[in-house]
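Taking it in order: structure first as structure tokens, then the write-up.
Rule-based calculations on the coordinates, nothing more; no lab input. None of these values were measured; they are calculated from a predicted model. Virtual Cβ from ideal backbone geometry, glycine too; neighbours counted across all protein chains shown.
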Amino acid sequence: MTKLLQTLVDGVSVGCLYGLIALGYTMVYGILKFINFAHSDIFMLGAWVSFIVARALGWANPDQPGSLGKALFVLAAAMLFCGVLGFIIERLAYRPLRRAPRLNVLITAIGVSLFIQNTGQLPWLLGTQPQRMPALLPDSTLLTVAEVQIRQVDVVVIITVLVLMGALEWLVHRTKVGRAMRAVSFDTRVASLMGVPVDRVISITFVIGSSLAAAAGFLYASKYPGLNQPAHATWILLGLKAFVAAVVGGIGDIRGAMFGGLLIGMIEFFGAAYLSPHLKDVYVFSLLILVLLVRPAGLMGKPVLEKV
Amino acid sequence: MPLLEISGLDVYYGAIHALRSIDLAVEERQIVTLIGGNGAGKSTTLRTVSGLLRPTRGSIKLDGKSIVGLPPHEIVRRGVAHAPEGRGIFANLTVDENLEIGAYSRRDDRAAIDRDRERSLELFPRLRERLRQNAGTLSGGEQQMLAIARALVARPRLLLLDEPSLGLAPQVVKTIFHIIREINQAGTTILLVEQNAHMALHVAHRGYVLEVGRIVKSDDARNLASSDDVRKAYLGGV
């Protein structure tokens, strides 16, 4: 029972993070129909920028107690930084390719990803040394249920993701710009004929997706404080799993991304706890293969008929 | 001065020379129709006016000012609304949201937008019953009505209509054309592209006949409708 609950808490909390990253993949895909491979690097930068901001403000001292205010400040800083970076990347790397074949954009995305990873490793930037994210949240147990310690960080992760998710839902379904985003994702050309400035909508999409990935980076670093170097495979693997979450949920579908993230998190943690921890990545990618075989449009996606 | 004036327009669609030196003028408050067979370049003309395609030569002037090279949303802001071929309904949005998107470029106050929205719904009462419905669930005729209503919410001075009769039952076509005339009588200038030359020439003031990228004839709609070669080629007459 204890093990079950503990696995559930971890699965939900990491699953929420996958979902948060998956949103960026799915939103960009929904509008531009390409996979932004640099998205996992934005997530990585979100974690690293959080670390750098916290250190610069002198909050890395382990003697100082953390506080929710500090955590929120660092979260906001990381989101802002990555939002601006997402805007710049779209502007410089993807916008010039708007009329180019999709494959060119895809290759460019891989290029951007490698560029971020490798410049990140430069000694005067992030370097190649792993770092430790300071605990901005008091590392306390919030409550104990059936001998399971529910840590504050897990609660913060889940609540933050719920709030961000709610804000995104509101934005997409209740505001003018959200309506424009949905219109652009359905038919870019017609949206432009209706007076929607398509390029601006695309920029906004990148800013939102990137800042959500940054939030995920901060939360991830809060839960797992060991920060690997920028080009380390763990970041790529985490990004890849979030991408799987987006595909499993139905790429292009916002709720699907969140649902896919939770599902992936659960399968990973339950598989690791009850089957074998060595195969936890295998469960995730097996699920991907299964979904692609049975329901290629994803669990919540609607099949699209290709127009010929 | 005509509201829309196109002169010497050349447009390429990839390697295809789709429009060859087109001259066309739309006077304020008129309905001008562009008729011709499949692939004649009718839709290409509209797409070039609304900025989706760029001409290689020639000019397009709205109110005497060139609009060539402007992005589509900027052209909408200057008063040109385009109800595209195939209707271009956002099937993932509700009918109401589709209408709201039509008003996207407007910067005036909410009350003015609501007035125009209301006027559009008066023209198409069937849409009012379906406001909360996903637009993808509408019938073909209703989707065409929505496409026109949505374009009207932008409060255009020039309305571009691309094949509004396509795939609709004759009775629905009649209704749509009746409303097109009503919209024009309320003051909106219309450039109408149609394969149904009979209906188009019936509502239009002027007509242009397009054949493989060239304008081969232009005249008052009434004269065109009674001219022998037009009757033979497009009206199924003898």
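Some points to look at:
- Paramagnetic reach from A:Ala100 in the range A:32-58 [backbone N under 18 Å; point 7 Å along Cα→Cβ]: A:32-39
- Unsatisfied cross-links (Cα-Cα over 20 Å) in the set A:Lys176/B:Lys61; A:Lys33/B:Lys42; A:Lys176/A:Lys241; A:Lys33/A:Lys176; B:Lys42/B:Lys217; A:Lys70/A:Lys241: A:Lys176/B:Lys61; A:Lys33/B:Lys42; A:Lys176/A:Lys241; A:Lys33/A:Lys176; A:Lys70/A:Lys241
- Cα centroid separation, the range A:43-81 to the range B:130-166 (Å): 51 Å
- C-alpha center-to-center spacing [the range A:1-25, the range A:242-264] in angstrom: 13 Å
- Taking the Cα centre of chain B as reference, the dipole from Cβ charges on Lys and Arg (+1) and Asp and Glu (-1) amounts to some 180 debye.
- Rounded to 0.05, the FRET efficiency of the B:Gln195 and B:Glu28 pair, given R0 = 35 Å and the Cβ-Cβ distance, is 0.85.
- Between the beta carbons of B:Glu211 and A:Ala167, assuming R0 = 56 Å, the FRET efficiency works out to 0.50 to the nearest 0.05.
- Mean-position separation - Cα centroids, the range B:1-70 and the range A:165-210, in angstrom: 29 Å
- Label-point separation, A:Arg200 to A:Ile107 (7 Å along Cα→Cβ), nm: 3.4 nm
- Exposure proxy shown here: for B:His82, B:His73, the number of other Cβ atoms within 10 Å sets the order, fewest to most, as B:His73, B:His82.
- Evaluated at q = 0.13, 0.15, 0.20 Å⁻¹: base-10 log I(q)/I(0), Debye formula over Cα of the range B:1-70: -0.33, -0.45, -0.80
- Of the three principal axes defined by the Cα atoms of the protein assembly as shown, the extents in descending order read 92, 48, 46 Å.
- Acute angle (nearest 10 degrees) that the helix A:198-223 long axis makes with the longest principal axis of chain A, alpha-carbon atoms: 20 degrees
- A:Leu237-A:Ser67 pseudo-label distance in nm [points 7 Å out on the Cα-to-Cβ vector]: 3.8 nm
- Mean Kyte hydropathy of -1.0 or more with a Cα span along the axis of at least 18 Å, helices from DSSP in chain B: B:140-153, B:170-185
- Normalised radius of gyration (Cα atoms, divided by 2.2 N^0.38 Å) for the range A:114-178: 1.75.
- Farthest positive-ward along the protein assembly as shown dipole, Cα basis, beta-carbon charges - from B:Gly140, A:Gly217, A:Ile110: B:Gly140
- Taking the Cα centre of chain A as reference, the dipole from Cβ charges on Lys and Arg (+1) and Asp and Glu (-1) amounts to some 960 debye.
- 222 nm mean residue ellipticity, helices alone, for chain A (DSSP H n ≥ 4; -39,500 (n - 2.57); rounded to 500): -23000 deg cm²/dmol
- Label point distance in nm, A:Val84-A:Arg55, each placed 7 Å from Cα along Cα→Cβ: 2.0 nm
- Value of D in µm² per second that Stokes-Einstein yields for the range B:83-155, Kirkwood Rh from Cα pairs, at 10 °C (1.306 mPa s): 134 µm²/s
- Cβ-to-Cβ counts within 10 Å put A:Ser113, A:Ser276 in ascending order as A:Ser276, A:Ser113, the fewest first.
- Computed over Cα pairs, the Kirkwood radius of the range A:34-242 leads via Stokes-Einstein (1.567 mPa s, 4 °C) to a diffusion coefficient of 70 µm² per second.
- Against chain A, whose longest principal axis is taken from its Cα atoms, helix A:2-32 shows a tilt of about 30°.
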